[in-house]
């Protein structure tokens, strides 16, 4: 794996974010469900602050994205980090970049005092399911939501 860096998206990245969302939708055979456009992304992410985006970068090139936001657990009495989308471009998969991106998200969650990092995954996306399980994430009964908490979250962040 080449050296990976991360950067937070800025408003000027809306076109890049949208193109990566479309690539993800195509990969998941859900292209017909994408109604987002640059204006909607600009407003919701950067003006309303509804979500954040980080880009994993190799040699200064964005190779994917992770879009996330805070949720809240009444049981933990703390906020959590919810990963809405994680996407690594096809030509960069299998090299550890997805794991490095989740590790970065775990670090962000820990730095912000979050009690958990969770996400959902299509049951049909077996490579992703196997990948998440290999990290120690566990599916939530009847929900297919994956969660890292406690030591597992901290271990991934290290």
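The values are calculated or read from the model by the stated rules, or taken from the named source; none is laboratory data. Everything numeric in this text was worked out from a predicted model, so none of it was measured. A quick note on method: Cβ atoms are made from the backbone with ideal geometry, for glycine too, and the neighbour counts reach across all protein chains shown.
A few remarks follow.
- Scope the stretch 20-34; condition touching a helix residue (DSSP H, G or I) at 6+ places or on another chain (Cβ under 6 Å) and assigned to a helix (DSSP H, G or I); matching residues: 25, 31
- Total residues in the stretch 35-61, condition in contact with a helix residue (DSSP H, G or I) (Cβ under 6 Å, 6 or more places away or on another chain), surrounded by fewer than 16 Cβ atoms within 10 Å (Cβ to Cβ) and either modelled with pLDDT under 95 or part of a helix (DSSP H, G or I) (or both): 1
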